[in-house]
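Remarks on the structure that follows.
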Amino acid sequence: MGMTFTLPKLTRKIFAYVKIVSIIISILIMLIISKASFSGEALRELESSLRIGSTFLSLLFRGLIVLLINAVLVALVRTLWFHFEKVPENTAVIKSGDLFMYKAGSIAGISRLQSELERIIESSRGSVVGIVNTIVSMGFSLAASDIHLSPGADTVEVVFRVQGNLYPMGKIPLRLYPHLVRRVKILSGLSIFKQGVPQDGQLNFEDTAFTARVSVFPTSNGERIALRLANVNARIMDLDNIGMPENILLDYKALLNRSQGMIVITGPTGSGKSTTMFSSLLNIQTQRKDSVNIVTLEDPIETNLEGFQQTQVGQATGLTFPTALRSVLRQDPDVIMLGEIRDEETASIAIRAAMTGHLLLTTVHANSTSGVFNRLSQMGVDPVQLSSAIHAVLSQRLCRQLCPSCRKIIELTSFHVRQLKLLGVEDIPEGPFYEAEGCTECLGRGFIGQVALFEMLLVTDHLRDFISRGLPAHQLSREARKAGMPTLLDHGLDFARQGKISLTELTRVVSE
């Protein structure tokens, strides 16, 4: 492989030298122009035409020309420098050998990795490549969903989100951070000289089983980096094991066996919608075996699903959800997984697909099961079509699970009672209820792991009439509860009495 010519990073110090040399060259060019017979004569004629008669005005005019030449030279040098400053393509990837899977064990193992990261940062002596590789490796080892690099006044905080909780992992010296940001940008194909604007990309891994979405955002202390990690080869959970209550699970499995219609999953970011979606597809594949053609449209592809036809949409491919959905209908699918309905065009095509012989699973961002119908109506979908096409809406939340080693029974306080009443609970249920103090097993947090809360609104004949009339979300929810729909709060109260979650955590999550 031939050698690639590169330049060092264009720091402020180097750029200051560039400007000094540029101004000297600009002055020399001006002197040459003034002394040369042809160019000197042309310059004097230009001054005469502009009625520049005095020596002072002549010097001022020629000084302005020097500044103009200098500006052109500086811009040219800057452009060329950034071109040759790029790292060769073969180094702009995290190689498989650079990812090391640490034996993290339980949450208690985080403290060991914190010490290890601190040791590596101190021993790197300015090498950000090793630091980046270590941080990403530890993130995947702990099954972290997110990694945050937050610059402060003196240091940069490294924080992992593991099982819904944020854990500080270490601090990076501020002097190394610009080089670390540049390394992450290069690995993500982002511009290394844009520093005042947000940028989004994706880390390049040699092993395509790993993906990490990158968000770079400007702050008062520098650029903040957030990485969203995903292992596309991660095992898909069986639908029976995701924590869905038995009364909901039986109805939900029956809906997955239908040949057409739409099932919508809703919930905030990070509530486990993708897990439920993939578990649902796996259940369909298991039940129907080779007699089903399942296609997915994702942004991005989060999990490799054997036997499924997966397509990535988004800016990376130039393929939009509406275009992909319209085209994939000609691929003879039985089941379509649509990552998200975001706009009127996608919603319209999805409804038509669900009414013409396809089972379509998708997600919609809404505050509740009943709110999904209002959200789709705002996108321009006819409520009558919604009532006909949608079989059910599943809403879910993730709650932090109490640490079994330090949880204890508590007495209800007036604060707990007030929180429940604000959520519409008139008759306060009997306990016991629990809280956790924190211990070595949970690193003093009081939580280990997460549990999911579910609520499913089944579109029955009774509710179909209300939906077709465009009933507001709160009224539709009231009618669904009258018809016997168990709510997120009901599911959460059961967990609270079992000691799985605290009332404070329940009210925090359900009120989202």
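What is the distance, in nm, between label points placed 7 Å from the Cα along the Cα-to-Cβ direction at Glu437 and at Thr55?
9.0 nm
Can you list the residues, at least 5 places off or on another chain, whose amide H is less than 5 Å from the amide H of Ile390, using H built in the peptide plane?
Hits under the 5 Å cutoff: Met262.
Pairs of alpha-carbon atoms within less than 8 angstrom and 6+ residues apart define the contacts here; what relative contact order does the chain have, in percent?
Details: 801 pairs, mean separation 56.2, N = 512.
Answer for the chain is 11 percent.
Filter the cross-link list Lys273/Lys482; Lys408/Lys482; Lys19/Lys95; Lys421/Lys482; Lys95/Lys171 down to pairs whose alpha-carbon distance in this structure exceeds 28 Å.
On the way: Lys273/Lys482 26 Å; Lys408/Lys482 35 Å; Lys19/Lys95 38 Å; Lys421/Lys482 19 Å; Lys95/Lys171 25 Å.
Listed pairs above 28 Å: Lys408/Lys482; Lys19/Lys95.
Helix check for the chain. Which DSSP H runs span at least 30 Å along their own axis by Cα, with a mean Kyte-Doolittle hydropathy no less than 0.5? Could the numbers behind the result be given before it?
Values: long enough: 12-35 (35 Å, 1.80); 55-85 (44 Å, 1.68).
Sorted by number, the helices that extend far enough and score high enough are 12-35, 55-85.
Give me the percent of accessible area attributable to carbon and sulfur for the range 284-346, probe 1.4 angstrom. Write out the running numbers ahead of the final one.
Working: 1350 of 3360 Å².
Roughly 40 percent, rounded to a whole number.
With labels modelled as points extended 7 Å from the Cα through the Cβ direction, what inter-label distance (nm, one decimal) is found for Gln195 paired with Ile20?
2.0 nm
Take the Cβ-Cβ distance between Ala254 and Val93 as r, set R0 to 41 Å, and report the resulting FRET efficiency rounded to the nearest 0.05.
On the way: r = 46 Å, r/R0 = 1.12.
After rounding to 0.05, the efficiency reads 0.35.
How about the range 274-355: which GluC sites (Glu not before Pro) there are in a DSSP loop, with at most 14 other Cβ atoms within 10 Å of their Cβ?
Within the range 274-355, the qualifying GluC sites (Glu not before Pro) (loop, at most 14 other Cβ atoms within 10 Å) are Glu306.
Using +1 at the Cβ of each Lys and Arg and -1 at the Cβ of each Asp and Glu in the range 297-387, identify which of Met355, Leu297, Gln385 lies farthest towards the dipole's positive end.
In the range 297-387, that residue is Gln385.
For the range 433-498, take N as its residue count and report Rg(C-alpha) divided by 2.2 N^0.38 Å. Please list the in-between numbers first.
On the way: Rg = 17.9 Å, N = 66, 2.2 N^0.38 = 10.8 Å.
Dividing the Cα radius of gyration by 2.2 N^0.38 Å gives 1.66.
Give me the distance in nm between label points sitting 7 Å out from Cα along the Cα-to-Cβ direction at Arg175 and Glu41, one decimal.
Roughly 6.0 nm, to one decimal.
Which whole-number percent of Cα pairs in the range 173-259 have a distance greater than 21 Å? Write down the numbers at each step before the final one.
Working: 1960 of 3741 pairs.
Counting pairs separated by more than 21 Å, the tail of P(r) holds 52 percent.
Nothing charged except the Cβ atoms of Lys and Arg (+1) and of Asp and Glu (-1): what's the magnitude of the dipole of the chain about its Cα centre? Round to the nearest 20 debye. The partial results should precede the final answer.
On the way: 51 positive and 47 negative charges, 357 e Å.
The calculation lands at about 1720 debye.
Rule-of-thumb check for the range 325-447: C-alpha Rg over 2.2 N^0.38 Å?
1.59
So which GluC sites (Glu not before Pro) in the range 395-502 end up in coil per DSSP with only 12 or fewer other C-beta atoms within 10 Å?
Numbers: sites: Glu411, Glu426, Glu430, Glu435, Glu437, Glu441, Glu455, Glu479; in loops: Glu411, Glu426, Glu430, Glu437, Glu441.
The qualifying sites are Glu411, Glu426, Glu430, Glu437.
Classify the range 213-284: rounded, prolate or oblate, from the alpha-carbon gyration tensor (a ≥ b ≥ c, eigenvalue square roots; a/c under 1.5 rounded; otherwise prolate if a/b is larger than b/c)? The partial results should precede the final answer.
Values: a/c = 2.97, a/b = 2.58, b/c = 1.15.
Prolate, because a/c is 1.5 or more and a/b exceeds b/c.
Mind listing the Cα extents of the range 371-512 along all three principal axes, in Å, largest one first?
On the principal axes, the range 371-512 reaches 55, 29, 21 Å in Cα extent.
For percent of Cα pairs over 40 Å apart, several values are listed as (i) 26; (ii) 41; (iii) 29; flag the one computed from this structure.
Structure-derived value, by its label: (ii).
How would the range 149-211 be classified by its alpha-carbon gyration tensor: rounded, prolate or oblate, with rounded meaning a/c under 1.5 and the a/b versus b/c comparison settling the rest?
Oblate, since a/c reaches 1.5 and b/c is not below a/b.
Hey, with R₀ at 41 Å, roughly what FRET efficiency would Val425 and Thr219 work out to, going by the Cβ-Cβ distance, to 0.05? Walk me through the intermediate numbers first.
Values: r = 40 Å, r/R0 = 0.98.
Once the sixth-power term is evaluated, E becomes 0.55.
The values are calculated or read from the model by the stated rules, or taken from the named source; none is laboratory data. As the structure is a computational prediction, the values presented were derived from the model and not from experiment. All Cβ positions, glycine included, derive from the backbone under ideal geometry; neighbour counts span all protein chains shown. Only protein heavy atoms, including side chains, enter the accessible area calculation; ligands, DNA and RNA are left aside. Shrake-Rupley method; radii C 1.70, N 1.55, O 1.52, S 1.80 Å.
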